[in-house]
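As structure tokens, the structure follows; a few thoughts come after it.
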Amino acid sequence: MNVMNVMIGSTFALLVAGLFISYSSMKSTPTETPAALEIARLEKREAQLETALAKGKAEQQNYTSQFESAPSQFSPMSGSNELEKVRAELLNLKKERDSIEEKAGAVIEDALAHSSPDPKEKKRSSLIDTALVMARITEYDNVNKVAGIHIERVGNVNTGDVLGIRRNSGIIGRLTIGMIDRNQGVADPLPGSFLGGSIDIQEGDELILPPD
């Protein structure tokens, strides 16, 4: 197994996933962009104008002496005109925002559709999927860094063999077979073979001969 190829493939997959997640977050979570701030400002102004207009109409219907002594500075006519203008600007901004999001979505979908895997990686992935299970992890001692294994193919697994740990159709790391007693044995993980450098071994992980 070429660890560098795996790291490159994994990095590409993470980048594509990150791009897709960023786009999904952009649609579901408001961002502090100039357009978003302007939309928020206009929505606030729209609410203020609607409140003022409602208050102005109420004052006209209930004309009192208090209103004469302290006349309102708000003109229902001018407020109505401003409200229509704010609504028009708000509508245009939202249309522009939706258009940008649609174009961004189209670009991401096109990138995902054309990001076909490397032929060598595709072949290697197929070899991993179809590889015979040589042994399985029965337990892992995280303190002493040693794994207990059950050998499925007795006679094909020997002390000193290096097997790959298969999980979810991928090899997450490797280990070296140690002492064997019939169909039981122990194995030592190879730290440098695990992506990220952190040893991750779980009960039930399959051990296979890793492809070249």
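Quick look at the values:
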| quantity | calculated |
| --- | --- |
| Probe 1.4 Å - accessible area at K145, Å² to nearest ten | 90 |
| Å² per residue, accessible surface of the stretch 115-185 at 1.4 Å | 59 |
| Space enclosed by the convex hull of the alpha-carbon atoms of the stretch 112-212, per residue, Å³ | 108 |
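The values are calculated or read from the model by the stated rules, or taken from the named source; none is laboratory data. The structure presented is a predicted model; accordingly, all values stated were derived computationally and were not measured. Ligands, DNA and RNA are stripped out before the accessible areas are found, and what is left, the full protein with its side chains, is counted by its heavy atoms. Shrake-Rupley method; radii C 1.70, N 1.55, O 1.52, S 1.80 Å.
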